[in-house]
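Read the figures in this text as sums done on the coordinates, not as results from a lab. Fair warning: this is a prediction, and the values are worked out from it, not measured in the lab. Here the Cβ positions follow ideal geometry from the backbone for every residue, glycine too, while neighbour counts run over all protein chains shown.
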Amino acid sequence: MRIAAFAPCLLAVTLLWGCSKKTADQPTNNPNPPTTPTPAWDVNAMRGIWITTTASTVLDSRDNIRAAVQACKTANINHIFVVVYNNARTMYPSDVMRNLIGVSILERFAGRDPLKEMIDEGHAAGLKVHAWFEYGFASSFSANGGPILAARPHWAARDAGGNLTIKNGFDWLNAFHPEVQQFMIDLFKEVTTKYNVDGVQGDDRLPALPSSAGYDNYTLGLYRAENGGADPPGNITDAGWLQWRARKLNAFCKRLRNEVKSIKPNVMFTISPSPFPWGLNEYLQDWPTWVDSSWVDAIIPQCYRYDIAAYSATINQQKSFHRNSNVPLYPGVLLRTGTYTATEGFLSQMITENRRAGFKGEVYFFYEGLPTRSSWFQGQYPFIR
């Protein structure tokens with residue numbers, strides 16, 4: 001009986017030992033656990049995107065803004081450049097605009113404040129938000145100057161024939177006129193004072209003016225006063241005449257920066273100009289001087305090209321003029337325009353070229369191309385070296 005009673009116990013012990021041995025013989029950990037790839041980019045570099053009102057509904061509701069911010073975060077974007085001024089309207093309630101034209105905000109945004117909504121949503125997601133003054137010194141698009149020139153006709157930029165300066169459909173204000181300059185400074189100061197923006201930005205229209213301009217009465221008088229009574233050359237690309245006007249815009253750039261920094265020293269002051277020297281010849285934009293003088297905190301030339309050879313040539317050309325390493329250069333990359341969206345392969349080529357050239361970040365124009373390339377932004381963008 002003693003043996004019979006013990007037998008079940010012995011069997012149980014034997015089975016338990018066998019199971020324990022089998023378990024012990026099996027590996028308790030995967031010897032090759034999957035690893036999470038480490039992004040190749042500089043975590044402190046700018047990976048930005050522009051959001052505008054043209055061909056976009058992002059700013060049309062708080063829900064749209066929230067969704068766009070989350071899409072940006074998922075796509076590894078860390079800086080949003082949101083439009084606050086274009087076509088004689090602001091995207092926030094502006095006392096400056098109300099006093100000038102009687103309308104404080106773009107009509108479709110009446111009763112809301114898309115800028116504040118974007119700042120709140122962006123900051124909640126850990127993103128930086130910059131106020132982008134898209135039209136700069138351009139008053140309107142194909143509207144004969146729009147309500148701004150209707151209110152202030154003497155603000156018009158004029159060509160050698162005395163006509164309103166128009167280039168590529170844009171109607172221009174006289175960027176040399178002190179009242180026009182003060183108007184733009186007041187807009188920048190209004191945004192910097194009222195909103196918790198991380199940055200403010202001008203672009204290929206600020207500071208800028210088509211080189212065909214400068215023949216209005218104010219500018220003619222200023223030139224004569226500084227040049228012994230002589231009239232400026234009729235040749236708009238005369239080197240001395242180009243430089244005289246470019247220096248006026250350089251002085252404005254310095255003043256605008258100082259005005260903004262006097263309010264918030266830590267706010268980021270950036271400009272996204274046309275590529276140099278084309279931008280100097282066409283729009284009087286001398287961005288190498290702005291960078292050399294540290295008047296900007298970053299420069300973002302619009303290197304918008306449709307093939308890799310042209311893109312590579314453009315960024316290397318811009319690199320040759322970038323002499324102040326304390327001011328980073330981030331190429332502007334064309335993601336979408338009209339019905340065109342850059343392919344994933346082309347995006348990879350452009351970012352690879354950026355890294356080879358030593359540019360650690362970039363800014364994409366514009367947001368509406370991001371949703372259709374979200375897999376690239378998540379799966380390839382972080383790992384391009």
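Extension gain for A239-K360 works out to 40.1 nm (0.36 nm per residue, less the C-alpha to C-alpha distance). Paramagnetic label reach from N266 (point 7 Å along Cα→Cβ; backbone nitrogen cut-off under 19 Å): within region 185-216, residues 191-201. Once the Cβ-Cβ distance of S293 and Q70 is raised to the sixth power relative to R0 = 41 Å, the FRET efficiency obtained is 0.60.
Ellipticity at 222 nm from helices only: DSSP H runs of n ≥ 4 in the chain, each -39500 (n - 2.57), divided by the residue count, give -12500 deg cm²/dmol. Simple rule: put +1 on each Lys or Arg Cβ and -1 on each Asp or Glu Cβ in region 94-242, find the dipole, and look at G146, N168, L220; the Cα lying farthest toward the positive end is G146.
What FRET efficiency do you get for V103 and Y306 if R0 is 51 Å and r is their Cβ-Cβ distance, rounded to the nearest 0.05? The value I calculate is 0.85. The listed peptides 164-175, 310-321, ordered by packing as a protection proxy, come out as 164-175, 310-321 (highest mean of other Cβ atoms within 10 Å first). For the chain, the longest principal axis of the C-alpha atoms and the axis of helix 178-194 are separated by about 30°. For region 141-266, a simple Cβ point-charge model (Lys and Arg +1, Asp and Glu -1, everything else neutral) yields a dipole of about 360 debye relative to the Cα centre. Look at the dipole of region 143-232 built from charges on Cβ: of Q181, W155, V200, the Cα furthest out on the positive end belongs to W155. Computed about its Cα centre, the charge dipole of the chain is approximately 1140 debye, with only Lys, Arg, Asp and Glu carrying charge at their Cβ. Under the definition of Cα pairs under 8 Å and six or more residues apart, what whole-number percent is the relative contact order of region 49-130? Reported relative contact order: 35 percent. Quick one: if the Förster radius is 22 Å, what FRET efficiency do S320 and R385 give, using the C-beta to C-beta distance and rounding to 0.05? The pair S320/R385 has a calculated efficiency of 0.45.
Prolate is the label for region 97-161. Its Cα gyration tensor axes, ordered a ≥ b ≥ c, give a/c of at least 1.5 and a/b above b/c. The angle between the Cα long axis of helix 344-356 and the main principal axis of the chain comes to about 80°, on a 0 to 90 degree scale. For the residue pairs K248/K360; K167/K254; K248/K319, the alpha carbons lie more than 30 Å apart in K248/K360.
Relative to the current alpha-carbon distance between D63 and Q182, full extension at 0.36 nm per residue lengthens the span by 39.3 nm. Between the amide H of N87 and those of Y135, distances stay under 5 Å, these residues lying 5 or more places away or on another chain, with hydrogens modeled in the peptide plane.
Per residue, the convex hull spanned by the alpha carbons of the chain comes to 196 Å³.
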